[in-house]
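Asks: To start, I am sharing the structure in question, which I have written as structure tokens.
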Amino acid sequence: MNERDFVDKKRTDWAHLSNLVQKANRIGTKRLSRSEIQEIGILYRRTASDLAKASARGLNDDLVVHLNELTARSYSLLYEQSEDRDPAKSVLEFYMWEFPALLQKRFLYFFTSVLVGVIGAVFAYWLVIHQPEKLNLFIPDQLRSSVEAWKSGHVSGSAQAEQSSLLMAHNFQVGMISFAAGVFGGFPSMEFMFSNGTMLGAMSALMTQVHQHQNFWPGIVPHGIAELTAIFICGAAGLLTGISILLPGRQTRAESFISGSLDAIKLVLGTIPLFVFAGIIEGMFSHLPIPAWFRYLFAVLNGLLWYLYLFIPRRGFSRGSEHYIIVGQDRSGVRIV
């Protein structure tokens, strides 16, 4: 494609972007409609790409200067739009909008994390049922002191609370380590998911042997759904980091790592409400002297609400007339959103 064809094909987009930029400068970005802000973002990306092509092909200097000025003016508007956001509102919209949308985008990593944990639980349950002496292979040292109490069938409410608290502390630690271990290719993250699953499977097998399911699960599930979901998300974040290093695709390995790790950090930040909720429920509800059926009902309801929150589709990172501006850099060095 020669220069004339290139200009003729792109002229309409450039002119429309220029008109939108002029309008924004005239009336202010806050008075632009949502569709106009979206158009600026879309046209900016196209024009930034056109600038990179024009520079690479050595096209007319005046054309390169014009496109450079247009992309710079567009970027300044988008950057201003993102900088003017109220911090508290940005945090709220991250948790209500961006985090769930990102988790849905990276659902395969989450599903893999859950699957590895389930496989670990099934394996440990089967092994301990058939070989009870293998129990301690899967139980952390800090939890072994409570095993004998469960075997005896005489577990006080305070002992249940203590064990549940230790499990929560252990699970939070597993979640954070699983995320951090992603830099080693994601394999340690999945090993942690498997090990955490084996612990739950082994404890379940023990409850089967001592006929204590009716005491164990009502003290675990009210807060356990949110807690385990958070752990699996942390595992997904670790796996995402690892895959971004091992399989960079068309990006350089550094670019892929930066992109993957930024998404991974957002996923981990998104688990904060889940862990906080689990901690509050574990401390204030899970071990109250109330019927088991009520605890199970509470667990089902809070699990349903959490998963609706996480997986109801979000159609893009927008809210009202405001928009999330994602600033990055393409491989030609041109800043894009």
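Each reported figure results from applying straightforward, stated rules to the coordinates on display, with no laboratory input. Here the structure is a predicted model, which is why all the values come from computation and not from measurement. Note that we place each Cβ from the backbone using ideal geometry, even for glycine, and neighbour counts take in every protein chain shown.
Asks: Which of the lysines could be linked to Lys10 by a straight reach, that is with a Cα gap under 20 Å, when you skip same-chain ones fewer than 8 residues away?
Replies: Lys53
Asks: Would you mind pulling out the separation of the Cα centroids of segment 219-242 and segment 89-141, in Å?
Replies: Each part's Cα centre sits 5 Å from the other's.
Asks: Just subtract the alpha-carbon distance of Leu301 and Tyr95 from 0.36 nm times their residue separation and send over the number in nm, one decimal.
Replies: Full-extension gain reported as 72.1 nm.
Asks: Work out how much length Arg26 to Ser259 would gain on full extension: take 0.36 nm times their residue separation and subtract the Cα-Cα distance, in nm to one decimal.
Replies: That pair, Arg26 and Ser259, stretches by 80.3 nm at full extension.
Asks: Let me ask you something else. What ranking do 199-206, 247-254, 211-218 get when scored by the average of other Cβ atoms within 10 Å per residue, highest first?
Replies: Going from most to least packed, we get 199-206, 211-218, 247-254.
Asks: Counting other beta carbons within 10 Å of each residue's own, what order do Thr198, Thr208 fall into, fewest first?
Replies: Thr208, Thr198
Asks: Then there's this: Using a 7 Å offset from the Cα along the Cα-to-Cβ direction at both Ile42 and Ala56, what is the distance between the two label points in nm, to one decimal?
Replies: Distance between label points: 2.4 nm.
Asks: Using a basic spin-label model with each label point 7 Å from the Cα along Cα→Cβ, how many nm lie between Phe294 and Leu115?
Replies: Each label point lies 7 Å from its Cα, and together they span 4.1 nm.
Asks: Given a Förster distance of 51 angstrom, what is the FRET efficiency for Ala15 paired with Gln251, based on the Cβ-Cβ distance and rounded to 0.05?
Replies: With R0 = 51 Å, the Cβ-Cβ based efficiency is 0.95.
Asks: Rank the residues Glu255, Glu282 as a footprinting-exposure proxy: fewest other Cβ atoms within 10 Å of their Cβ go first.
Replies: In increasing order of surrounding Cβ atoms, one gets Glu255, Glu282.
Asks: Separate question: On full extension of the chain, what length is gained from Ile280 through Asp141, given 0.36 nm per residue of separation minus the C-alpha to C-alpha distance?
Replies: Gain on stretching Ile280 to Asp141: 47.5 nm.
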